[in-house]
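Working notes for the structure below.
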Amino acid sequence: MLRNYFLINVVLIIIIGFLSIKLYKTIEYSVDIPTEATEKRVEKNIEVKRKNKDTTESSFDVISKLDLFRPSRSAPQKNKQTAVKASPEKPPRLFGTIILNNKKTAILEDPGTKTTKTYRINDSIAGFTVSEILEDRVVLLRDGESIEVRLWDEKKGIASKIKRRPPRRIQSRTSKRRPKPV
């Protein structure tokens, strides 16, 4: 029995010695990294010789001016009358406000594109300009007219959107026992 313990101890000491040497070599290993590049990169200037010297960039302007998909081969004529873009009747919808120290941010949905983004003061959305961000509302300006968008609209409050149903009676799964006939 004593011999078995001695043999196990000798094997463990050999393994510990082997691992210690490996650890020492790993710690003391140094990589020789050069501090400066030894080879210098040489850049060569290669001149491109054209066979046809008449080709210039201006000769390709014809391609961009002519429309290949129209029978007249001309670009579509633009109307000089600028279309007046009708501003949306609905103001943007407010989803929330974030106020951290002096940074005020509002989460608004553009009624035209239905995209929700964050906006700061003096940002524009759907023809409106954000002028003030408060805790529960945002003040927007358009053509000198100020519109206040509230987080919770009194007409369409969150309480009116959620219709509460009366709780249903839970039926027990066990059947009711009838009294035994006498």
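The values are calculated or read from the model by the stated rules, or taken from the named source; none is laboratory data. All values derive from a computational prediction rather than experimental measurement. Virtual Cβ from ideal backbone geometry, glycine too; neighbours counted across all protein chains shown.
A few remarks follow.
- Residue within the range 37-58 that is closer than 30 Å to residue 150 by Cα, at pLDDT below 70 and among the charged types (D, E, K, R) present: no
- Unique residue being of a type in the set (Gly, Ala, Ser), at pLDDT 75 or above and closer than 17 Å to residue 151 by Cβ when the list is 96, 112: 96
- Contacts under 8 angstrom Cβ, first residue in the range 124-139 being on the phi > 0 side of the Ramachandran plot, partner part of a strand (DSSP E or B) and of a type in the set (Lys, Arg), 6 or more apart: 127/142
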